Amino acid sequence: MRVFSNPVGSGSLWFDNLATADNIPVAYDPQARAFVPMPPFCANRDVISCNWIAPEQGAFCRSCAMTALAPDPSIPNAIPNWAQTEAAKRWAIDNLGRWHWFRPEDPGARPVFHMLAEGPTPVLMGHVDGVVTISVAEADPVLRATRRQALDEPYRTMIGHMRHEIAHMLWWRLSLRDDFLDAFRAEFGDERTDYTAALQNHYTNGPPPDWRQRFLTTYASTHPHEDWAETAAHLMHLTDITDSFVAAGLSSPQLPNASWDPYSEPDPERLIHVAAALTVGVNHVNRSMGFSDLYPFVLSDAARRKLAFVHQWLRRGSQGL
């Protein structure tokens, strides 16, 4: 994610800012990829602290307009959890916009989000025909940590959930193309195999013994659909980690140059090589504070090949190139 210029003074602004250091209200314009100091602001600004602009007064911003169902406000903590969830969505949507997804120049369907709070029954997150269902309860750090441990997942965040579920929607979009499915099946396997049976087998028997050589995560080994979603989410992770590293003014001999734009990089092997090298360094920094690794994954040759495949399609797919 980039670091942004202050439109009304000195200093920088970060992606989630609602105001400058001088407390002047600002909002993010996703089309210009810049902050502006004037309305119209999103109608959700006072409700969930959305900091994007709107097309007109009283309207929702581009991201909030994608949410068709909001959580039940009578459920405890639903609104603050929703606010954090929408912030993660804005981050993921803006990242994908760097590859032209879901912007005005994208001719395809936008995702429709159902943001649901959890009562006594947990919400099953997932994607069906363009509709992405997200449990806003996952914004709660205690619940998220509990589920991370129960499911033996080394990484679980709201941005991660967004990237994974949106990746399913992107697969759905790409599957409408004649040239995508054969290439996908050659790399990931046949997605027409029984998904429910594959999921049950995974939770009963666990991943195959050699999963580290073939997949990024244990969950990716479940089914070709999940392998795609996990791999696409990781491609988004690695690209954004690298972009944020550059935007923060940090340097590394691994970077091609100081102004390198990872989202514009056409060579997936170069992008993955640089990103993997940077994550090793950042992991080392995290350990100095007793934190878990920022990116606790090992990229096998098979995983790198799949990441390169996803990179090819995410860079060109939104405009049908």
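Couple of notes before you dig in:
- Sole exception among (1) under 22 Å from ASP261 (Cβ atoms); (2) open to solvent by 20 Å² or more (accessible area, probe 1.4 Å); (3) among the β-branched types (Val, Ile, Thr) for ILE93, by number: (2)
- All conditions in (1) open to solvent by 40 Å² or more (accessible area, probe 1.4 Å); (2) in a helix (DSSP H, G or I); (3) in contact with a Phe, Trp or Tyr (Cβ under 9 Å, 6 or more places away or on another chain) hold for GLU269, with the sole exception of (3).
- Taking the listed residues GLU153, GLU86, GLU138, the one that is more than 30 Å from GLU265 (Cβ to Cβ) and under 20 Å from the mean Cα position of the chain (by Cα) is GLU138, with no other qualifying.
- Single residue of segment 277-321 satisfying the filter (closer than 30 Å to PRO107 by Cβ and of a type in the set (Lys, Arg)) that is least open to solvent (accessible area, probe 1.4 Å): LYS306
- Criterion: within 19 Å of the chain's Cα centre (by Cα), outside any loop (DSSP other than H, G, I, E, B), closer than 24 Å to LEU181 by Cα and without any contact (Cβ under 8 Å) to a residue 60 or more places away in the chain - qualifying residue of HIS225, HIS234: HIS225
- Subset of segment 30-50 [assigned to a loop (DSSP other than H, G, I, E, B), within 16 Å of GLN84 (Cα to Cα) and open to solvent by 30 Å² or more (accessible area, probe 1.4 Å)]: SER49
- Answer from LEU181, LEU116, LEU151, LEU176 - the residue that is open to solvent by 50 Å² or more (accessible area, probe 1.4 Å) and touching a Ser or Thr at 6+ places or on another chain (Cβ under 7 Å): LEU116
- Residue that is farthest from CYS50 (Cα to Cα) [pool: residues in segment 15-29 that are among the small types (Gly, Ala, Ser) and open to solvent by less than 80 Å² (accessible area, probe 1.4 Å)]: ALA19
- Subset of segment 176-229 [out of contact with any Lys or Arg (no Cβ under 8 Å at 6 or more places or on another chain) and acidic (Asp, Glu)]: ASP178, ASP179, ASP182, ASP190, ASP194, ASP210, GLU226
The values are calculated or read from the model by the stated rules, or taken from the named source; none is laboratory data. This is a predicted model, so every value here is computed, not measured. Counting neighbours? That spans all protein chains shown, and the Cβs are built from the backbone with ideal geometry, glycine included. For the accessible areas, the whole protein counts, side chains as well, though only heavy atoms, and no ligand, DNA or RNA atoms are used. Shrake-Rupley method; radii C 1.70, N 1.55, O 1.52, S 1.80 Å.
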